Amino acid sequence: MSDDSCSPTSVPARPLTPAKVTQQIIATAFFTFLVYLAIGVPMAVLPGYIHLDLGYSSVVAGLGISVQYFATFVSRANAGRMIDTVGAKQTVMRGMLLCAGSGGMLLLAALAQPLPFLSLVLLFASRALLGLGESLVGTGAIMWGVGRVGSENTAKMISWNGIATYSALAIGAPLGVVLDRSLGFAVIGLTGMLLAVLGYVLARGGPVTPVVQGEKLSFKLVLRRVFAYGMGLAFGTIGFGSIATFITLYYANQHWGGAAFALTAFSSAFVGARLLFANAINRFGGYRVAIVCFLIEAVGLLLLWVASAPELALLGAALTGFGFALVFPSLGVEAVNLVPAANRGAALAAYSVFLDLALGFTGPLAGLIVGQLGYPEVFLFAAIAAIGAVALSLSLYRSAQQSNGQG
């Protein structure tokens, strides 16, 4: 059936112990882990493949990464509506199929390397399918988990989903380098395809959660309500986009080794921050957490800008990941609470649109900055954006305090 609420295997409404809640959350976040492992495996080798093996410019290399995020962006509205109508489980399953297709396309791109333009077209098609799949699985897994453990655990579900995301990236980046060097670039595509097929099989056997009934707001209206929060997320995401797209070429330009470990440092610090400060949002409020996180991220990006040795760059990447860790859930919980429960999928999708926009534009824009000013200035640009996010979060915090005072 298309409507999850009609299924006889729907999750029963019964109280869950804290341990059971965590177990359900981790089980659902595992689907995000699989997708982001498929994303992380090619992340460290893809820019070099486009720039060095195929012979295209750094701008095209950046665009090759960004195509995924543009595809995610254009499909967010559909992902949100799919969750709110046919259900989160079905959304995750469809996303896994798209990711499997992406892996197949990447395999074909590797086989077509003797024909650079054809290889690039296939690679771009692979990135587009991966972006569509990530949109469905990333948002769908969060709302599937919320449906399993209750809306009161939304912040916890978002946090664990992020842990799954960046744990996968931390593992995927060096794994991709090892696979590429030992078995060749074609294995990267095959690995992504197999991971997605595994995710589809596991999702198919998972429990069904009910679709929340109620009036469905237009996506445009939902987007308008979360706009300011999304802009804060976008400013903070530029730092991650800069590292994901150009850290390997930055290291190569500086004649340093171990670029994949900078991605691992970013991701490991991200996961560590979420594990250590999981309750910070509930204790201090989303606005305060966001302000502190953006400040830490800015410091990390400034270290990358001035780094004179790989160790300093590694520290900068780690600080950036640590600061970025709680940005999405701190502002995201506030954004989701702006709409009725029947529109939570749409709200999360609309909020996530700004992450996609930031990642999509960062690649080409950073490529232009590299061409005009050099690699270090990419991280200065990202640091300025993070400082802008601090100012925006302060403004939102003051507005919320005034609204509460008037209430």
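The values are calculated or read from the model by the stated rules, or taken from the named source; none is laboratory data. In this text the structure is predicted, and so the values were computed from the model without any measurement. Note that each Cβ is placed from the backbone with ideal geometry, even for glycine, and that neighbours are counted across all protein chains shown. Ligands, DNA and RNA are excluded from the accessible area calculation, which covers all protein heavy atoms including side chains. Shrake-Rupley method; radii C 1.70, N 1.55, O 1.52, S 1.80 Å.
For GLU215, the conditions (1) of a type outside the set (Val, Ile, Thr); (2) part of a helix (DSSP H, G or I); (3) surrounded by fewer than 18 Cβ atoms within 10 Å (Cβ to Cβ) are fulfilled apart from (2). Each residue in the stretch 28-51 was checked for being part of a helix (DSSP H, G or I), under 18 Å from ARG181 (Cα atoms) and either of a type outside the set (A, V, I, L, M, F, W, C) or over 15 Å from the mean Cα position of the chain (by Cα) (or both), and 8 pass. Scanning the stretch 337-357 for residues that are small (Gly, Ala, Ser) and surrounded by fewer than 24 Cβ atoms within 10 Å (Cβ to Cβ) yields ALA341, ALA342.
Checked against (1) open to solvent by 70 Å² or more (accessible area, probe 1.4 Å); (2) free of Cβ contacts under 8 Å to residues at least 24 places away in the same chain; (3) under 30 Å from GLU334 (Cβ atoms), LEU275 passes all but a single condition, namely (2). Each residue in the stretch 217-246 was checked for being touching a Pro at 6+ places or on another chain (Cβ under 9 Å) and not aromatic (Phe, Trp, Tyr), and 2 of them qualify.
Note on the stretch 277-330: among residues that are more than 21 Å from the chain's Cα centre (by Cα) and of a type in the set (Val, Ile, Thr), the one that is farthest from THR139 (Cα to Cα) is VAL306.
Given the structure, is SER403 more than 19 Å from PHE246 (Cα to Cα), among the hydroxyl-bearing types (Ser, Thr, Tyr) and open to solvent by less than 50 Å² (accessible area, probe 1.4 Å)? Answer is no for this residue. State whether one or more residues within the stretch 139-148 are in a helix (DSSP H, G or I) and in contact with a Cys (Cβ under 9 Å, 6 or more places away or on another chain). Within the stretch 139-148, none of the residues are in a helix (DSSP H, G or I) and in contact with a Cys (Cβ under 9 Å, 6 or more places away or on another chain). All of (1) closer than 30 Å to ALA342 by Cα; (2) surrounded by fewer than 22 Cβ atoms within 10 Å (Cβ to Cβ); (3) without any contact (Cβ under 8 Å) to a residue 60 or more places away in the chain hold for ARG288 with one exception: (3). With respect to the conditions (1) open to solvent by less than 50 Å² (accessible area, probe 1.4 Å); (2) closer than 26 Å to ILE50 by Cα, LEU373 falls short on a single one, namely (1). For the stretch 140-178, the tally of residues that are among the hydroxyl-bearing types (Ser, Thr, Tyr) and surrounded by fewer than 24 Cβ atoms within 10 Å (Cβ to Cβ) stands at 3.
Residues in the stretch 233-266 that are outside any helix (DSSP H, G or I) and of a type outside the set (Phe, Trp, Tyr) were compared, and the one that is nearest to GLY345 (Cα to Cα) is GLY258. Screening GLY206, GLY162, GLY230 for residues that are over 28 Å from ASP53 (Cα atoms) and either of a type in the set (Asp, Glu) or in a loop (DSSP other than H, G, I, E, B) (or both) leaves exactly one candidate, GLY206. Looking at LEU63, LEU54, LEU106, just one residue is buried (at least 17 other Cβ atoms within 10 Å of the Cβ), more than 19 Å from the chain's Cα centre (by Cα), at pLDDT below 90 and closer than 29 Å to LEU357 by Cβ, and that residue is LEU54.
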